[in-house]
Amino acid sequence: MLPSNSLKGPRANTLIGIMLVGFAVAALLFWEAAGREMFLMEPVMIAKADIEEGAILNAELFRTVSVPADALIEGAMEPKREDAVTGKIAALPILSGAQLSERCLREPEKEMRPDTSSFVIKNEWIALCTSALRRGDKAELRYGGGAVSLGNFEVAYVKDAEGREVTDTSTGLGGFRAEGETGARANPSAPIHHIEIECEWDDYQKILTRCREAAGASLIIVRKESHSW
């Protein structure tokens, strides 16, 4: 019969082996459950739904997800910066599920009245617009072949298809028919694609309703020569 102490070595090794296996399994489970996200993933803010250019932003429009560090876009906003988003304006369209970047944000116009904001008049809504329209102009929106006026508004921005501001009239109007010509302005850019107007939310809702009812190009944008109401 073998001495009892002769079994201590194999038993101890077996116990150590079981402990190591258990530790390895626990480590693997931890890695899959939390470790991978902790060390390889980064939290970012993404849009819950499509956000139109010109919309007023707040943290409720976004949710937090984790993405691989190498999948972060330039200027991606971290969740801890949610407060920095509130009150900003969407500088370009943000699709549902897209990461929020600093490039997507701009400050509200300081000169805008507190009860108004900048809202987008989409390219597909516009049937006719002057190629001379620029930021700061007063414009009248007319509907139904020009028969119905939806009001006079200040133009906050005139944009090309890439979301860049258009500042010169010499390039013409992409997608629209020009109703007139005026002298060219400085700093040429691309053809006009869409505009933003300064208005109250109730006024914009009326415009939205009309454009959705028409299901196509329905607005005529008339530039006012006078810069006073």
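No value in this document is a laboratory result; all are computed from the given coordinates. Just so it is clear, the structure is predicted and the values come from calculations on it, not from any experiment. For neighbour counting, all protein chains shown are included, and Cβ atoms are generated from backbone atoms with ideal geometry for every residue, glycine included.
Things worth noting here:
- Contact order relative to length of region 41-106, as percent, for alpha carbon pairs under 8 angstrom and 6 or more apart: 46 percent
- Converting phi to 3J(HN,Hα) with the Karplus coefficients 6.51, -1.76 and 1.60 and the offset θ = phi - 60°, region 139-152 yields 9, 9, 9, 10, 10, x, x, x, 6, 10, 8, 9, x, 9 Hz in sequence order, with x at every glycine or proline.
- Amide H partners (placed H, <5 Å) of Leu105, local residues excluded: Ala91
- Amide H contacts of Ala161 (H built 1.01 Å from N, under 5 Å, at least 5 apart or other chain): His193
- Scattering curve values for region 41-106, log₁₀ I(q)/I(0), Debye with Cα scatterers, q = 0.18 Å⁻¹: -0.55
- Gain in span if fully extended, Arg164 to Glu107, counting 0.36 nm per residue against the direct Cα distance: 19.0 nm
- For Phe62, residues with placed amide H under 5 Å, excluding near neighbours: Lys48
- Cβ-based exposure ranking for Ser118, Ser66, Ser101, Ser96, in which fewest neighbours within 10 Å come first: Ser96, Ser66, Ser101, Ser118
- From phi via Karplus (6.51, -1.76, 1.60), per-residue ³J(HN,Hα) for region 191-203 in Hz, x at Gly/Pro: x, 5, 10, 7, 10, 10, 10, 8, 7, 7, 4, 4, 5
- Phi-derived couplings, Karplus 6.51 cos²θ - 1.76 cosθ + 1.60 at θ = phi - 60°, listed residue by residue for region 90-104: 5, 6, 7, x, 10, 7, 4, x, 7, 5, 7, 10, 4, 5, 7 Hz, with x used for Gly and Pro.
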